[in-house]
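Student: Pasting a structure below so you can have a look.
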Amino acid sequence: MLTFHPVDGKSPERKKIAAIPGDGIGKEVIPQAITVIRASGAPVQLTEFDWGADRYLRDQTTVPPDGFTMLARDFDAILVGAFGDPRVKTNIHAKEILLGMRFKMDLYANVRPVRLLDAVLCPLKGVEPKDVDFVVLRENTEGVYTDAGGVFKQGTPDEIATQEDINTCKGVERIIRYAFEYCKTHSKLDGSPRASVLMCDKSNAMTHAGGLWQRVFKEVSAEYSGITSQHMYVDALCMQMVRDPRQFDVIVTNNMFGDIITDLAAGLQGGLGMAASGNIHPGRTSMFEPVHGSAPPIAGKNVANPIGAILTAAMMLRHLEFAREADKIEAAVLQAVRQKKTTEDIGGKLGTREAGQWVADAVSR
Ligand code: NAD
Ligand code: IPM
Ligand code: MN
């Protein structure tokens with residue numbers, strides 16, 4: 001059974017990227033991201049894998065044996081589309097592939113930048129690009145996503161279902177430390193330094209997990225005297241994000257809150273089609289994916305916005321130290337947005353392929 005297709009010729013000095021388009025619009029936006037990577041001239045060698053719903057339905061494979069070991073051993077980075085298909089009701093393949101990569105490869109920092117490229121994309125009145133430039137650092141290996149818990153007396157009126165929120169001292173500490181280090185080493189788009197880390201939790205109700213997050217945040221923040229530390233409950237943060245996104249800089253939070261607030265934050269950027277993310281363990285093979293899902297209702301129609309995937313590719317190239325190529329791609333996306341050479345969800349008239357090609361052409365110019 002063929003499981004992968006080498007897309008480029010072998011060349012030892014090139015960085016090796018595994019591309020896994022997955023399901024639905026993932027299969028449309030990842031080819032566009034790849035076209036743009038090629039146009040950037042970044043010295044990479046791409047290999048495509050067919051992991052996803054079609055493969056699962058064909059031969060019941062989610063992740064081939066030793067799949068994660070192979071990715072970590074043979075590749076420098078992984079570019080992923082999305083997983084989720086109405087034919088796979090259990091979502092087992094998405095869980096095993098996507099959450100499998102995050103958990104088993106220990107990609108503990110989910111980095112989700114939130115940037116507004118043009119004022120017309122933001123649903124808020126009077127908000128400009130300089131007002132929306134923050135990042136959410138989401139813990140990516142613990143929380144309710146571990147799926148610890150169980151059911152008892154299923155299907156009866158006495159059914160019990162538990163879903164445990166797992167928080168380890170090590171897991172909480174490393175993501176909080178990552179946030180302070182990120183703050184120290186990254187600047188805002190206008191060149192000014194990042195200056196504050198805000199921890200978001202629900203420690204007023206979830207006292208056990210919240211207590212651990214509060215204590216570790218206090219301890220770690222004491223080591224970073226030049227950085228302001230702040231706290232908000234997640235419900236209040238949602239309101240503030242809509243009321244005044246200017247106040248945010250670096251936000252650190254747990255797995256589930258990070259998932260929810262980054263869809264809200266995608267709304268500030270023009271929708272899910274615009275948002276990029278990286279799943280990172282410093283020094284190890286890391287994985288990059290747009291924030292959006294497989295969007296079954298629009299899949300196969302050439303309407304999905306490829307910008308989230310393209311900006312994700314730029315983020316991956318930057319991580320691989322191809323900053324010049326990443327800069328070129330980001331500049332081309334900005335041009336596309338300003339000139340409305342985009343898909344309809346953000347006001348353009350182009351299809352997925354045409355919008356991707358426009359960015360690729362702008363990168364090559
Ligand atoms: P979704 O992100 O797929 O779609 C939510 C909404 O945003 C829909 O209206 C969709 O049309 C729109 N949208 C998303 N991406 C877009 C794009 N690039 N261009 C234009 N519009 C876009 O989320 P959902 O509908 O909740 O989930 C659909 C499936 O995707 C589910 O199976 C879910 O589990 C899965 N999912 C997977 C990932 C992932 O693999 N990383 C992420 C989120 C959801
Ligand atoms: C995301 C997605 C995933 C998550 C789903 C598909 C499990 O929503 O990457 O944001 O909740 O992490
Ligand atoms: Mn999500």
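Student: Is it the case that the stretch 196-207 has a residue that's out of contact with any His (no Cβ under 8 Å at 6 or more places or on another chain), free of Cβ contacts under 8 Å to residues at least 60 places away in the same chain and under 30 Å from Leu117 (Cβ atoms)?
Tutor: Yes.
Student: Moving on. Would you check which residues across the stretch 213-262 are in contact with a helix residue (DSSP H, G or I) (Cβ under 6 Å, 6 or more places away or on another chain), farther than 19 Å from Pro113 by Cβ and not hydroxyl-bearing (Ser, Thr, Tyr) and list them?
Tutor: Correct list: Trp213, Val216, Phe217, Val220, Val234, Met256.
Student: Within the stretch 167-286, considering only helices (runs of 4 or more DSSP H) that don't extend past its boundaries, which have at least 1 residues that are within 16 Å of ligand 1 (Cβ to nearest atom) and closer than 23 Å to Glu330 by Cα?
Tutor: Counting at least 1 such residues, we get 255-269.
Student: Tally up the residues in the stretch 40-67 that are open to solvent by less than 30 Å² (accessible area, probe 1.4 Å) and under 30 Å from Ala326 (Cα atoms), please.
Tutor: Qualifying residue count, the stretch 40-67: 10.
Student: Looking only at the stretch 158-169, decide whether some residue is open to solvent by 20 Å² or more (accessible area, probe 1.4 Å), of a type in the set (A, V, I, L, M, F, W, C) and closer than 21 Å to Asn279 by Cα.
Tutor: Yes - at least one qualifying residue is present in the stretch 158-169.
Student: Here is a further query. So in the stretch 287-311, with the set limited to residues that are open to solvent by less than 10 Å² (accessible area, probe 1.4 Å) and more than 6 Å from ligand 1 (Cβ to nearest atom), which one is nearest to Ala265 (Cα to Cα)?
Tutor: The extreme case among them is Pro290.
Student: Somewhere in the stretch 208-223, is a residue touching a Lys or Arg at 6+ places or on another chain (Cβ under 8 Å), farther than 20 Å from Glu139 by Cα and open to solvent by 20 Å² or more (accessible area, probe 1.4 Å)?
Tutor: Here is the first cut: in the stretch 208-223, the ones touching a Lys or Arg at 6+ places or on another chain (Cβ under 8 Å) are 210, 220.
The next check asks that each one be farther than 20 Å from Glu139 by Cα; those that pass are none.
Checked against the condition, which is being touching a Lys or Arg at 6+ places or on another chain (Cβ under 8 Å), farther than 20 Å from Glu139 by Cα and open to solvent by 20 Å² or more (accessible area, probe 1.4 Å), the stretch 208-223 yields no hits at all.
Student: Do you know which of the residues in the stretch 94-114 that are touching a Leu at 6+ places or on another chain (Cβ under 9 Å) and over 18 Å from Ala179 (Cα atoms) is most open to solvent (accessible area, probe 1.4 Å)?
Tutor: Ranking the qualifying residues of the stretch 94-114, first place goes to Met105.
Student: Spot the failing condition for Ala295; the list is (1) assigned by TED's automatic domain parsing to the domain that holds Gln32; (2) at negative phi, and only one is missed.
Tutor: So the condition that Ala295 fails would be (2).
Student: Could I ask something else about it? Of Val29, Val7, which residue is assigned by TED's automatic domain parsing to the domain that holds Pro296 and at pLDDT below 95? I'd like the intermediate steps shown before the answer.
Tutor: On the way: Val29 fails: at pLDDT below 95.
Criteria check complete, one pass: Val7.
The values are calculated or read from the model by the stated rules, or taken from the named source; none is laboratory data. Since this is a predicted model, take the numbers as computed values, not measurements. Every residue, glycine among them, receives a Cβ derived from its backbone with ideal geometry; neighbour counts consider all protein chains shown. The area values use the complete protein model at the heavy-atom level, side chains included, leaving out ligands, DNA and RNA. Shrake-Rupley method; radii C 1.70, N 1.55, O 1.52, S 1.80 Å.
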